[in-house]
Amino acid sequence: MIGGEGALGAPVWVNISARTGSIGDNGLGGWYSYRVMKAGLNQFTKTLSCELGRKGVTVISYHPGTVDTDLSRKFVKGVDPAKLFSPDQAAAYMLAVIQGLKETDNGTFVDFAGKPIPW
């Protein structure tokens with residue numbers, strides 16, 4: 001969870017999810033435990049957004065893209081270098097998304113460009 005403020009200065013709750021947690025975007029299978037955990041996090045996000053949204057807090061699930069870290073290195077061999085982000089790039093993208101959020105974004109799942117991802 002990451003906190004911050006959206007475009008209107010309202011509080012924002014961001015859960016770091018992953019596209020692999022999308023049921024609607026799963027065309028590959030595999031990664032069972034990771035997918036289940038991220039799908040559960042997405043359900044938590046949606047449920048929390050119902051409760052905190054009434055208090056003016058925007059809650060989202062956020063897919064940061066593929067970030068080049070020690071943890072991800074063994075999985076990034078085939079990733080297009082243009083789609084592999086440094087931690088600094090990933091943080092800048094996330095901040096831009098947070099700063100651009102509107103009340104209507106509450107309870108959504110978005111990527112590093114602010115584009116919606118299906119649940």
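Here, each number is a calculation from the coordinates, and none is a lab measurement. As the structure is a prediction and not an experimental result, all values here were calculated from the model.
The helix-based estimate of mean residue ellipticity at 222 nm for the chain, built from -39,500 (n - 2.57) per DSSP H run of four or more residues and divided by its residue count, is -10000 deg cm²/dmol to the nearest 500.
Computed over the chain with a Gaussian network model linking Cα atoms closer than 10 Å, the most mobile of Val76, Val57, Val36 is Val76. Translational diffusion of the chain was estimated from the Stokes-Einstein equation, with Rh taken as the Kirkwood radius over Cα pairs; at 4 °C and 1.567 mPa s the coefficient is 88 µm²/s. The alpha-carbon of Lys77 sits under 27 angstrom from the alpha-carbons of these lysines, leaving out residues fewer than 8 places away in its chain: Lys38, Lys115. Across the chain, the relative contact order, built from alpha-carbon pairs under 8 Å that are at least six residues apart, equals 33 percent.
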